[in-house]
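Here, each number is a calculation from the coordinates, and none is a lab measurement. Note that the structure is predicted; figures quoted are calculated from it, not measured. So basically every Cβ, Gly included, is an ideal-geometry build from the backbone, and we count neighbours across all protein chains shown.
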Amino acid sequence: MQATRRQFLQQSGWALAASAGLTRQVSASPNERVQLAIIGVRGMGFSHLKTFVSLPDAAVVTVCDVDESVLARAGEAVRSATDRDPRKVSDFRQVLDDKSVDAVVVATPHHWHAPIAVRALQAKKDVYLEKPASHVFREGRVILDAARKYGRIVQHGTQMRSSEVTRKAAEVIQSGILGEIKMTKAWNVQKHRHEDPLPDEPVPSGVDYDM
């Protein structure tokens, strides 16, 4: 049985959250393909792009990034996989104004996740939102409220939520042994960040930070 657009987004979002490519035995007609835009196509966004271009019921029609070189690489990846050239834009608002786009993947720098997600929902688009969903609790609530108000789907990429260590942590918290928790902090230390410009370095050529 052929999947509907909303069923596709739910299932493909699960596949992305599990960091696995989704393989499905369907052949959707062009009218049934989810018309997808990916906002932020470096790193995780590019990884998601490679997953979606392999799916028979998705069409990556738009890629969006403020970095011209990153945008060019994403456009070439779509063309190479599908023989179709996606629309390439640097301003995410152009994506949201495009009524032909059904859903967006948001994989921008973290501080843009919630602002873009809420605007996408207001534009009546379903959203796959890279982690973190928000910087503060209130932003997460705003995303949830917007999804309910506009009747859209939001899938959040939180792989660790289903892990054994997270389940054990939940058991400890729910046991009450830690007492009333008023604040939590987290650190994420990663290597191989040397390619990112330092704060005092000039903006790289081809990058528009004034969007």
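Between residue 69 and residue 144, the FRET efficiency estimated from the beta carbon spacing at R0 = 41 angstrom works out to 0.70.
For residue 159 and residue 100, the difference between the fully extended length at 0.36 nm per residue and the C-alpha to C-alpha distance is 18.2 nm.
When a/c reaches 1.5 or more, the comparison of a/b and b/c decides; with that in mind, is the stretch 140-195 rounded, prolate or oblate per its Cα gyration tensor? In terms of gyration-tensor shape, oblate. Were the residues from residue 112 through residue 185 laid out at 0.36 nm apart, the gain over their Cα-Cα distance would be 24.2 nm. Compared with the direct C-alpha span, the chain from residue 203 to residue 136 gains 21.3 nm at full extension, assuming 0.36 nm per residue. Label-to-label distance for residue 76 and residue 122 is 3.7 nm, based on points extended 7 Å past Cα in the beta-carbon direction. Please tell me which of these pairs span more than 20 angstrom C-alpha to C-alpha: 50/124; 125/149; 50/99; 99/124; 88/149? Over 20 Å Cα-Cα: 50/124; 50/99; 88/149. Averaged over residues, the count of other Cβ atoms within 10 Å places the peptides 175-187, 109-121, 156-168 in the sequence 109-121, 156-168, 175-187, highest first.
Which lysines, if any, have their Cα less than 28 Å from the Cα of residue 168, not counting same-chain residues under 8 positions apart? Output for residue 168: 131, 182, 185, 191.
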